[in-house]
Amino acid sequence: LFPIMNLFWFILINLLIINQIINNSIKYRNNKVENYIKITAKEDSDKIVLSILDNGIGIEKADLSRVFEKTFTGSNGRIVTSSTGMGLYIVNKLCQKLGHVISIDSEINNYTCVNITFFKNDFYNLQS
């Protein structure tokens, strides 16, 4: 029973992480273009990298190094009034707890790409 509950929580937390990133893509969309969110995954022998790319308003280069800081909203947070600066902070903390690596690349008014690296571990090798 315990391994199944651990797997349940592992899956639930990963869904919360992905949900937050997609919600940010929607919240920070660019109303001047047709919007898209592209989700891809690449696998190799020891990891899977999930990429979530959007063509939203982007993140200022000066803000990129701080997006995972608690309560940091950057210049976009002053545009979108519902920004608290907690979403990516929590996502980063959850990724750290699960052993994932998260990174963000962005260009203002062009795109934002969030990469989450899932290292293969015992959760991927469940035995029935």
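Under a model in which nothing but the beta-carbon of Lys, Arg (+1) and Asp, Glu (-1) is charged, the chain shows a dipole of about 320 debye around its Cα centre.
Within the chain, what's the longest stretch lacking trypsin sites (Lys or Arg not before Pro) that sit in DSSP loops with no more than 15 other Cβ atoms inside 10 Å? It runs 79-119.
Among [x] 0.92; [y] 0.98; [z] 1.01, which is the computed Rg/Rh (Cα atoms, Kirkwood Rh)? Recomputing Rg/Rh (Cα atoms, Kirkwood Rh) here picks out [z]. The residues of the chain have, on average, 65 Å² of accessible surface per residue, using a 1.4 Å probe with all protein chains present.
The share of accessible area on region 1-79 that comes from carbon and sulfur is 60 percent, using a 1.4 angstrom probe. Specify whether the C-alpha gyration tensor of region 64-112 places it in the rounded, prolate or oblate class, a ≥ b ≥ c being the square roots of the eigenvalues: rounded for a/c under 1.5, otherwise prolate if a/b is larger than b/c and oblate if not. Judged from the Cα gyration tensor, region 64-112 comes out oblate (a/c at least 1.5, b/c at or above a/b). When MET86, MET5 are compared by accessible area at a 1.4 angstrom probe, the order from most to least is MET5, MET86. Start at zero, step by 5 Å, and the Cα-Cα distances of region 18-93 spread as 3, 14, 22, 25, 19, 10, 5, 2, 0 percent across the bins. Of the GluC sites (Glu not before Pro) found in region 19-70, those in coil by DSSP whose Cβ has at most 16 other Cβ atoms within 10 Å are GLU34, GLU60, GLU69.
With helices as the sole contributors, the chain gives -11000 deg cm²/dmol at 222 nm; each DSSP H run of n ≥ 4 counts as -39500 (n - 2.57), and the sum is divided by every residue. Legend: residue pairs LYS38/LYS70; LYS47/LYS97; LYS47/LYS70, Cα-Cα distance threshold 21 Å; pairs beyond threshold, LYS38/LYS70; LYS47/LYS70.
The values are calculated or read from the model by the stated rules, or taken from the named source; none is laboratory data. Here the structure is a predicted model, which means the values were calculated and not measured. Neighbour counts run over all protein chains shown; Cβ positions are idealised from the backbone, glycine included. To get the accessible areas, we keep the full protein, side chains included, count just its heavy atoms, and leave off ligands, DNA and RNA. Shrake-Rupley method; radii C 1.70, N 1.55, O 1.52, S 1.80 Å.
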